[in-house]
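Right, one structure below, let's go through it.
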Amino acid sequence: QVQLVESGGGLVQAGGSLRVSCAASGRTFRRNVMGWFRQAPGKEREFVAAISWSGGGTRYADSVKGRFTISRDDATNTVYLQMNSLKSEDTAVYYCAADGRDYRSLSSLRERYDYWGQGTQITVSS
């Protein structure tokens with residue numbers, strides 16, 4: 001019954017910006033770590049960004065640091081990914097994910113993603 005649904009993907013020119021959203025339903029995620037991943041054709045899924053349950057902590061992959069911003073709105077059970085200065089190599093299917101456990105620390109060593117969205121395609125053209 002828990003669902004994560006991404007939206008906002010599409011085609012954008014290099015250097016442009018895009019914001020994707022992830023709407024969660026079935027339970028509240030106000031106490032849970034949430035994140036974004038992406039997968040390009042022929043490549044493994046890779047971590048993009050994560051945000052703590054408090055909203056006060058974030059972490060990013062080196063490849064997107066300084067360009068992407070993850071945020072959350074617990075009133076609407078939604079997490080966002082603002083993408084600026086987009087590059088061709090950012091082209092991928094972007095997935096929203098959530099840790100089902102409450103009050104877990106934001107850590108690359110301990111994060112666990114139990115729920116996944118269906119993905120939204122983002123294509124950056126040159």
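Does the range 40-47 contain at least one residue that is at pLDDT below 95, of a type outside the set (Gly, Ala, Ser), exposed (fewer than 13 other Cβ atoms within 10 Å of the Cβ) and part of a loop (DSSP other than H, G, I, E, B)? Yes: the range 40-47 contains one or more residues that are at pLDDT below 95, of a type outside the set (Gly, Ala, Ser), exposed (fewer than 13 other Cβ atoms within 10 Å of the Cβ) and part of a loop (DSSP other than H, G, I, E, B). Just a yes or no: is a residue in the range 30-38 of a type in the set (Gly, Ala, Ser), open to solvent by 20 Å² or more (accessible area, probe 1.4 Å) and at negative phi? No, the range 30-38 contains no residue that is of a type in the set (Gly, Ala, Ser), open to solvent by 20 Å² or more (accessible area, probe 1.4 Å) and at negative phi. Tell me which residues, restricted to the range 63-95, are among the charged types (D, E, K, R), open to solvent by less than 60 Å² (accessible area, probe 1.4 Å) and in a loop (DSSP other than H, G, I, E, B). Of everything in the range 63-95, just one residue is among the charged types (D, E, K, R), open to solvent by less than 60 Å² (accessible area, probe 1.4 Å) and in a loop (DSSP other than H, G, I, E, B), namely 67. The residues of the range 10-29 that are open to solvent by 30 Å² or more (accessible area, probe 1.4 Å) and outside any strand (DSSP E or B), listed by number, are 14, 15, 17, 26, 27, 28. Scanning the range 96-126 for residues that are closer than 18 Å to residue 18 by Cα and open to solvent by 70 Å² or more (accessible area, probe 1.4 Å), we see that the one that is farthest from the chain's Cα centre (by Cα) is 126.
The values are calculated or read from the model by the stated rules, or taken from the named source; none is laboratory data. For clarity, every value in this text was computed on a predicted model and none was experimentally measured. No Cβ is skipped: glycine too gets one built from the backbone with ideal geometry, and neighbour counts run over all protein chains shown. Just so you know, the surface numbers come from the protein's heavy atoms only, side chains and all, with ligands and any DNA or RNA stripped out. Shrake-Rupley method; radii C 1.70, N 1.55, O 1.52, S 1.80 Å.
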